[in-house]
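Here's the structure we're looking at; comments come further down.
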Amino acid sequence: MKEFNFKINGVEYKTAVEEIEGGITEVTVNGKKYQVEMEKKAAPVKVAAPAAPKAAPAAAPAAKSAAAPVAGGVQVKSPLPGSVIKVMVSEGQAVKKGDVLLQLESMKMANDIAAECDGTVKQIAVTAGQNVMQDDLLVVLG
């Protein structure tokens, strides 16, 4: 189960999404359960290659980091596809569980991605402006 907190027009929503089976999942929004049928989507399209020449100096270190995550750390992955708005931590910084690591924009909503545990930021695998898919590596905590 994945849990998300959203704020839409100043109203907070606490949601939980169960595992998707056969295109159907159970979503809980503020304590009320809904059966949701997921839309079938086409195979993901890789866009990293065309983007690299456009911003080669900034994209190259991030791509290298994502390919070789630090061993023994807690990997914080993207809960949904979107675009990184702002990275709020730096490598070597100590963080507490719940501290906001970065903001991710998805469907015109800013989502805070928080530390899942206390630790030190060992690796930042993304940069501001970078597009990510669900389960892409964002940060490694140690």
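Read-outs throughout are calculated quantities, based only on the coordinates presented, and are distinct from any laboratory measurement. In this text the structure is predicted, and so the values were computed from the model without any measurement. With ideal geometry, Cβ positions are generated from the backbone for all residues, glycine too; neighbour counts draw on all protein chains shown.
Note on Q134 and V11: the extension gain reaches 41.8 nm, defined as 0.36 nm multiplied by sequence separation minus the Cα-Cα distance. Using 13 Å as the cut-off for backbone N distance, which residues of segment 106-142 belong to the label zone defined by a point 7 Å from the Cα of K97 along Cα→Cβ? Under cut-off, by backbone N: 115-119.
Pairs from the table (K7/K77; K32/K108; K33/K96) lying more than 26 angstrom apart at Cα are K33/K96. Between K2 and T25, the modelled label-to-label distance comes to 0.6 nm, taking each label 7 Å out from Cα in the direction of the beta carbon.
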